[in-house]
1. Being in a strand (DSSP E or B) and among the hydrophobic types (A, V, I, L, M, F, W, C) is the filter; apply it to the stretch 391-424 and report the residue that is surrounded by the most Cβ atoms within 10 Å (Cβ to Cβ).
2. Inspect the stretch 8-25 for any residue being farther than 16 Å from Val357 by Cα and buried (at least 22 other Cβ atoms within 10 Å of the Cβ) and give the result as yes or no.
3. Evaluate the stretch 357-367: report whether one residue or more is touching a helix residue (DSSP H, G or I) at 6+ places or on another chain (Cβ under 7 Å) and farther than 24 Å from Glu132 by Cβ.
4. Of the numbered conditions (1) of a type in the set (S, T, N, Q); (2) over 21 Å from Lys163 (Cβ atoms); (3) in contact with a Pro (Cβ under 8 Å, 6 or more places away or on another chain), Thr190 fails exactly one; give the number of that condition.
5. Being out of contact with any strand residue (DSSP E or B) (no Cβ under 6 Å at 6 or more places or on another chain) and aliphatic (A, V, I, L, M) is the filter; apply it to the stretch 170-192 and report the residue that is farthest from Leu409 (Cα to Cα).
6. Out of all the residues in the stretch 176-198, which are surrounded by 14 or more Cβ atoms within 10 Å (Cβ to Cβ) and in a strand (DSSP E or B)?
7. Going through the stretch 234-262 one residue at a time, which ones are over 22 Å from the mean Cα position of the chain (by Cα) and either in a loop (DSSP other than H, G, I, E, B) or hydrophobic (A, V, I, L, M, F, W, C) (or both)?
Amino acid sequence: MKILIAGDGKLGATLVRQLSTEGYDITVIDEDPAVLETTMEQYDVITIEGNAATMKTLKQAGAEEADLLIAVTGEDELNLLSCMTAHALNPALHTIARIRNPEYVDQAYTMRENFALSLIVNPEKQAAHEIERLIKYPGFLKNDTFARGHLEIVELKIGAGSKLRNVPLSALHEIIKCRVLVVAVLREGTMIAPDGSFVLQEGDDIYVTASAADLSALLRNLGILQRKVKHCMIVGGGKVSYYLSQMLVKSGLSVEIIERDAERCIELADAIPEASVVQGDASTPAFLESEGLSEADSFVTLTGLDELNIILSLYAHSKKVPQVITKLSRVDYSKAIGDLPIGSVISPKELCCSNIVRYVRAMRNQQGAAVTIHSIADGQAEAVEFIVDGKTRHVGEPLKDIRTRNNILIAGISRGYRSMIPDGSSSFEIGDSVVVVCSGDTILYSLNDIFED
């Protein structure tokens, strides 16, 4: 499959890294030759210097023979024009455009056919939804949902006082008294697929799947209080803050946005009158204290500087703020920050990339393609949801009789409103949602890819 990526910024680079490892024929278009040179040195891709909205550049990049154009330049207008122009050159071409400006989002969806758009992505809005879910359901560092919310994979850290410290997984049920499955463990930056003899240690990040009811029981039995968030303090007044604040005030939360730029403060105050918008320098501890940091239930750092977000989150943690959420734009920071207590980490680029990758895989495998893809364990594993259909093999057979490939774990099966953690006697039926965790370099395009035979 031939894919054109217009825009070699942070999201473009993330897509190049992901899609090139999956073996796609990638051509990258950008106007900055230095950026393109760096990309070409790192990955086996073709680069084209030029304006991705012009016919000349798109023809040079091979748009007339391409299967997909992903327009992720820094300008919404350029992304839209690029998709329209490329589609005129090749009516069979699929197009994906990143649209970030709130003024364009609804219009782009309404006029999707006019703009010749197959998919619209908005990293900031997607990140805001992810943060909203963490704020509404505190207690976990990360919370990925499947099967229309009936099954979840969450991340928990084993702290010094955790009841799970030095406990083998075979004895887990005696402590938590509910049915869950530990699908992966991240220890010192390395992902481990644990078995029953695996012993949890302080500092481990564990990824657990269960139904929503069992996850609530898990928190309760571990003594992790689910304190309902009433007051959220947000640092940074960018697009993620705008979307997030709108969502939170609709839910009745008290929201305070701290932004340094006076003009942006006025814009936010006009757009979200229910929120309290304060102009000030959040990098000054005295200012944060004067604004009531210690009384906040949730503290979210959304500035444009990853380093500042990390420092602010560390400070909030030191002040015992119950929930801290940190936005990181550069995904390569995730390993560098290691076990720093900065709470939940959100990467808009990674979230958006997963959405695009799901679409690309669906193009490659039109039937039986993944409906949900989440990256877990610092990107060292994927949790993928499939719907069982008439072409799925081994329907109705007990899992103990099915041979699966290495690095594959069937983590959950959802049937209607009922979700289950499968055992050897479990089976899946047509219409079921099946969540699979795969590690290493394994790539799943359909549910049939998990079987060894």
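The values are calculated or read from the model by the stated rules, or taken from the named source; none is laboratory data. The model shown is predicted, which means the values in this text are computed figures rather than measured ones. Reconstructed Cβ throughout: ideal geometry from the backbone, glycine too, with neighbour counts over all protein chains shown.
1. The residue in question is Ala411.
2. Taking every residue of the stretch 8-25 in turn, at least one turns out to be farther than 16 Å from Val357 by Cα and buried (at least 22 other Cβ atoms within 10 Å of the Cβ).
3. At the first step, the residues of the stretch 357-367 found to be touching a helix residue (DSSP H, G or I) at 6+ places or on another chain (Cβ under 7 Å) are 357, 360.
Restricting the remaining residues to those that are farther than 24 Å from Glu132 by Cβ gives 360.
Yes.
4. Thr190 satisfies every listed condition except (3).
5. My answer is Ile175.
6. Matches in the stretch 176-198: Leu181, Val182, Val183, Ala184, Val185, Leu186, Arg187, Met191, Ile192.
7. Val249, Ser251, Gly252, Leu253, Val255, Ile257, Ile258, Arg260, Asp261, Ala262
Matching residues to (1) within 19 Å of Glu382 (Cα to Cα); (2) crowded, with 17+ Cβ neighbours inside 10 Å:
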residue	(1), (2)
Ala128	no, yes
Arg148	yes, no
Glu152	yes, yes
Gly161	no, no
